[in-house]
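K.L.:
Starting off with a structure, shown below.
What follows is calculated from the coordinates using simple rules that are stated; it is not laboratory data. Computed from a predicted structure; not experimentally measured. Virtual Cβ from ideal backbone geometry, glycine too; neighbours counted across all protein chains shown.
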């Protein structure tokens, strides 16, 4: 395809607009939508995302993340940025005002870097509400925008974050009249040695020490089979012992025999005092005297 001017052409910039229109048509944009690029307030941007992610499966997932379920994420981006966005192959075609193009490019590149578009969408929604207030036109909006923390922190960032928490705790304990916590005393001090740890012996070295290295192949197999059988026998004996535990009879208290009963009775007999009198067992109940029946009056 080629672009040419005629004698009626009065705007030289229309040549660049026609070039952009051909690009959009080549990317799969509909003709009715691509014609809008000829307007003065509309620009286009083609974001190449094919080389941003090496893994193909990961690339497909992140590209689908731009579209969202049933195209909901793409529709939200279009409404907030007032741009037309088309995801096609390894490129994303965008049409709209220059300010919206900048926001859409940022969202797409962040999405390919594994930052979900919903974070940028929330930020754009807050900015749109703040723009309605004329009092905030000359102020910074950083205090209103959400601050999302990274999940994957560097070791230095983790250490700095931990030290901040310890410092806050120490200030709180100091205000309460308690002793501060020392971060260094909690960990045991390690003794620094410039020498590396001793090298572990190899499998061949262990075989040389035991003499197994010089055995024949048949002898090695016989020794290995014997070791395996011994291990199986040990495991099977343990399993048999566990199964036999269910058949062991519990300990029962046997009923006392006649001899035991007589012996217990002799032990509980009353003691004999020196004067020959026998102490009566107080535990025995006294026999009640039964009165004779009253005579019937004649």
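K.L.:
Residue 143 to residue 161: extension gain in nm, 0.36 nm per residue of separation minus the Cα-Cα distance?
P.N.:
Values: separation 18, 0.36 × 18 = 6.48 nm, distance 2.11 nm.
Stretched out fully, the residue 143 to residue 161 stretch lengthens by 4.4 nm.
K.L.:
At R0 = 22 Å, how high is the FRET efficiency between residue 22 and residue 51 if r is their beta carbon distance? Nearest 0.05 is fine.
P.N.:
Working: r = 23 Å, r/R0 = 1.05.
For R0 = 22 Å, the calculated efficiency reads 0.45.
K.L.:
Let me ask another. Take peptides 99-109, 117-127, 48-58 and line them up by average Cβ neighbours within 10 Å, highest first, as a rough protection proxy.
P.N.:
Working: 99-109: 18.5, 117-127: 16.0, 48-58: 11.5.
Highest mean packing first, the order is 99-109, 117-127, 48-58.
K.L.:
How far, in degrees from 0 to 90, does helix 155-175 lean away from the longest principal axis of the Cα atoms of the chain, to the nearest 10?
P.N.:
That helix lies at roughly 60 degrees to the long axis.
K.L.:
Something else: Going highest first, how would you order 190-202, 29-41 by mean Cβ packing within 10 Å? Each step should come with its number before you reach the end.
P.N.:
Working: 190-202: 6.4, 29-41: 13.5.
Order by mean packing, descending: 29-41, 190-202.
K.L.:
How much length is gained on full extension from residue 70 to residue 127, taking 0.36 nm per residue of separation minus their Cα-Cα distance? Write out the running numbers ahead of the final one.
P.N.:
Values: separation 57, 0.36 × 57 = 20.52 nm, distance 2.55 nm.
Here the answer is 18.0 nm.
K.L.:
Next question, about the same structure. Using a/c under 1.5 as the rounded threshold, could you call the chain rounded, prolate or oblate? The axes a ≥ b ≥ c are square roots of the C-alpha gyration tensor eigenvalues, and prolate needs a/b larger than b/c, oblate otherwise. Mind showing how you got there, number by number?
P.N.:
Values: a/c = 3.12, a/b = 2.15, b/c = 1.45.
Cα axes put the chain in the prolate bin.
K.L.:
I need the calculated FRET efficiency for the pair residue 190 and residue 136, taking r as the beta carbon distance and R₀ as 51 Å, to the nearest 0.05.
P.N.:
Working: r = 54 Å, r/R0 = 1.05.
In this case the efficiency is close to 0.40.
K.L.:
Something else about it: Expressed as a rounded percentage, what relative contact order does segment 14-118 have, with Cα pairs under 8 Å and six or more residues apart? Each step should come with its number before you reach the end.
P.N.:
Numbers: 128 pairs, mean separation 31.8, N = 105.
Normalised by residue count, the contact order of segment 14-118 is 30 percent.
K.L.:
Could you state the angle between the C-alpha long axis of helix 56-67 and the longest principal axis of the C-alpha atoms of the chain, as a value from 0 to 90 degrees rounded to the nearest 10?
P.N.:
That helix lies at roughly 70 degrees to the long axis.
K.L.:
Calculate how steeply helix 72-81 sits against the longest principal axis of the alpha-carbon atoms of the chain, using the helix alpha-carbon long axis, and give the answer as 0 to 90 degrees to the nearest 10.
P.N.:
Compared with the principal axis, the helix lies near 50 degrees.
K.L.:
Just subtract the alpha-carbon distance of residue 15 and residue 230 from 0.36 nm times their residue separation and send over the number in nm, one decimal. Mind showing how you got there, number by number?
P.N.:
On the way: separation 215, 0.36 × 215 = 77.40 nm, distance 8.83 nm.
Length difference between fully extended and current span is 68.6 nm.
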